[in-house]
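Report on the structure given below.
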Amino acid sequence: MPALVLLGAQWGDEGKGKATDLLGGSVDYVVRYQGGNNAGHTVVVGDQKYALHLLPSGILSPECTPVIGNGVVVDPSVLFSELNGLNERGVDTSKLLISGNAHIITPYNVTVDKVTERFLGKRKIGTTGRGIGPTYADKINRVGIRIQDLYDESILTQKVEAALDGKNQLLTKVFNRRAIEAGKVVEELLSYADRLKPYVADTVLVLNRALEDDKVVLFEGGQGTLLDIDHGTYPFVTSSNPTAGGACTGTGVGPTKISRVIGILKAYTTRVGSGPFPTELFDEDGEALRRIGGERGVTTGRDRRCGWFDAVIARYATRVNGLTDFFLTKLDVLTGWEQIPVCVAYEIDGKRVEELPYSQTDFHHAKPIYEILPGWSEDITSAKSFSDLPKNAQNYVKALEEMSGAPISAIGVGPGRDETIEINSFL
Ligand code: IMP
């Protein structure tokens, strides 16, 4: 069955854009199922580099239909500026489909995100400030605004008023901010309606029909497993489900239709924002990983926190997502280290722990137990097959595979589209 899920196996930024784009040429639909413009994919096509935040990576493949599913939150102004940017560079975006049930990130959701973070002070989550959490909160509170609401002015006005009633109390009385006028918000939202209209579709029907017709559908996760609202390092997480189950709820495609779940795994670990990160490095190795790996957020421009590979997390990702394969990225970044530590277990309060602890307190106390693997110095960016890799790089990959619990079916050895070693085909 040709439905695949591609998702981040760590804290996001594993290089998913490259992986999705690699498959983009052979898939018919690329679907985002959660998150919004808090994601950031860099896709390199020839000598062109594209930074995508909200749009599915498949937008760059002319034969592919990109879909924004019902589980995504959409900021229309960001959507349009991303579309404009691509159109100016000659990319045809007319095939895009957006679920009428997707929720809209309204200007007041962005305001609430920013004031809440400021209010939390040193306890802040370190959000991207794009209004993601407050938009999902409105959705769960049943005061969200959906794309389809733009086509009924009376309903839209009632819903915006209902959403703002409580928020204005909070903004003026707790956060000491000015109240937001419902009329102005409605006016802004209505100004997006005409341009959005051609893209709006019943994407549940479209995707299920496509699968019945044996089309290849790729579900593209934003963020990563450890940022999942249910399975991540709560509360330092995003407000949606990047894990595999999110692909079903966020698109209306049932789990029996999904044949393959591919976890994107960086050869080391990074994280943006606050929260626990056992293998984080605060020395020159961490600085070198950041510099060589270009570890700066595509979306926020923030430096990423960097550390060694953590096999405990990879095993956890295999379990909670039911991973069938891994795509190991950025192996080339590790070239030049004489020895490479890999975290195989944690020490928590003097005890060796092999699996991710469910207790937040325990995880905050976890100290990495490292196994040291020998490094390599040869340039690997032109390697085309596994056997082209230096022996120590091969052994590093094999060790990671053994520790992580699923086969590594592809390896990224450079940022370019063709700088990938395919071991097992994903299709
Ligand atoms: P939010 O998604 O903006 O609410 O931010 C919640 C947490 O998720 C913060 O720690 C962010 O830094 C993190 N986050 C959100 N999107 C990404 C991403 O695409 N990559 C890595 N971290 C992310």
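The values are calculated or read from the model by the stated rules, or taken from the named source; none is laboratory data. What you are looking at is a predicted structure, and each value in this text was computed from that prediction instead of being measured. For neighbour counting, all protein chains shown are included, and Cβ atoms are generated from backbone atoms with ideal geometry for every residue, glycine included. Just so you know, the surface numbers come from the protein's heavy atoms only, side chains and all, with ligands and any DNA or RNA stripped out. Shrake-Rupley method; radii C 1.70, N 1.55, O 1.52, S 1.80 Å.
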Worksheet item: With charges only on Cβ, +1 for K and R and -1 for D and E, what is the dipole size of the chain about its Cα centre, in debye, rounded to 20?
Response: 1100 debye
Worksheet item: Of THR42, THR361, THR381, which is the most mobile in a GNM of the chain whose springs link Cα atoms less than 10 angstrom apart?
Response: THR361
Worksheet, complete the sentence: Once LYS391 and GLU88 are pulled to full extension, the length gained, defined as 0.36 nm per residue separation minus their Cα-Cα distance, is 104.6 nm
Worksheet item: Measuring from label point to label point, each 7 Å out along Cα→Cβ, what is the SER359 to ASP202 span in nm?
Response: 5.1 nm
Practice prompt. State, to one decimal in nm, how far the label point of GLU284 lies from the label point of ILE423, with both points 7 Å from Cα in the Cβ direction.
Written response: 3.3 nm
Fill in: Nearest 10 degrees, 0 to 90: helix 182-196 Cα axis against the chain principal axis
70 degrees
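Among 100-111, 221-232, how do they line up from the highest to the lowest mean number of other beta-carbon atoms within 10 Å?
Working: 100-111: 22.1, 221-232: 26.5.
Output ranking for 100-111, 221-232: 221-232, 100-111.
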Worksheet item: Reachable aspartates and glutamates from LYS49, Cα under 15 Å, same-chain residues fewer than 8 places away excluded?
Response: ASP21, GLU82, GLU88, ASP418, GLU419
Discussion item. How big is the dipole moment of segment 339-426 about its Cα centre under a simple scheme where the beta carbon of each Lys and Arg is +1, that of each Asp and Glu is -1, and everything else is neutral? Debye, nearest 20, please.
Written reply: 60 debye
Discussion item. Could you order the peptides 66-77, 165-176, 309-320 from most to least packed, using the average number of other C-beta atoms within 10 Å per residue?
Written reply: 66-77, 309-320, 165-176
Worksheet entry | For the chain, the longest site-free run once GluC sites (Glu not before Pro) in DSSP loop states with at most 16 other Cβ atoms within 10 Å are removed | 182-337
Item to complete: With a point put 7 Å past each Cα toward its Cβ, work out how far ASP194 is from PHE175 in nm, to one decimal.
Response: 3.2 nm
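Of LYS266/LYS367; LYS16/LYS257; LYS159/LYS197; LYS122/LYS351; LYS16/LYS124, which sit over 24 Å apart, Cα to Cα? Before the final figure, lay out the partial values.
On the way: LYS266/LYS367 20 Å; LYS16/LYS257 22 Å; LYS159/LYS197 20 Å; LYS122/LYS351 30 Å; LYS16/LYS124 27 Å.
The pairs that break the limit, which is 24 Å between Cα atoms, are LYS122/LYS351; LYS16/LYS124.
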Worksheet item: For TRP376, what is the net charge nearby, where nearby means another residue's Cβ is under 11 Å from its Cβ and Lys, Arg count +1, Asp, Glu -1?
Response: -3
Worksheet item: Taking a spot 7 Å from the Cα of SER377 along the direction of its beta carbon, which residues of segment 315-346 have an amide N less than 19 Å from it?
Response: 332-341
Discussion item. Given an 8 Å cut-off on Cα distances and at least 6 residues of separation, report the relative contact order of segment 103-196 as a percent.
Written reply: 27 percent
Item to complete: Set Lys and Arg Cβ to +1 and Asp and Glu Cβ to -1, take the dipole of segment 195-288 about its Cα centre, and tell me which of SER239, LEU226, LEU281 lies farthest positive.
Response: SER239
Worksheet item: Say we join alpha carbon atoms closer than 10 Å with springs in a Gaussian network model of the chain; which of VAL217, VAL115, VAL253 then has the biggest fluctuation?
Response: VAL115
Worksheet item: Could you give the radius of gyration (one decimal) and Dmax (whole number) of the Cα atoms in segment 103-196, in Å?
Response: 13.4, 42
Item to complete: Divide by every residue of the chain the summed helix terms, -39500 (n - 2.57) for each DSSP H run of at least 4, and state the resulting mean residue ellipticity at 222 nm, rounded to the nearest 500 deg cm²/dmol.
Response: -9500 deg cm²/dmol
Worksheet item: Taking all protein chains as present, what is the carbon and sulfur share of the accessible area of segment 297-427, in % to the nearest whole number, probe 1.4 Å?
Response: 49 percent
Item to complete: At a temperature of 37 °C and a viscosity of 0.692 mPa s, determine how fast the chain diffuses translationally according to Stokes-Einstein, using the Kirkwood radius over alpha-carbon pairs as Rh; express D in µm²/s, rounded to the nearest whole number.
Response: 148 µm²/s
Worksheet, complete the sentence: Projected onto the charge dipole of the chain (unit charges on the beta-carbon of Lys, Arg, Asp and Glu, signs +1, +1, -1, -1), the Cα from VAL216, THR172, TYR346 with the largest positive-side position is that of THR172
Worksheet, complete the sentence: For segment 234-333, the dipole about the Cα centre with charges only on Cβ (Lys and Arg +1, Asp and Glu -1), to the nearest 20 debye, works out at 440 debye
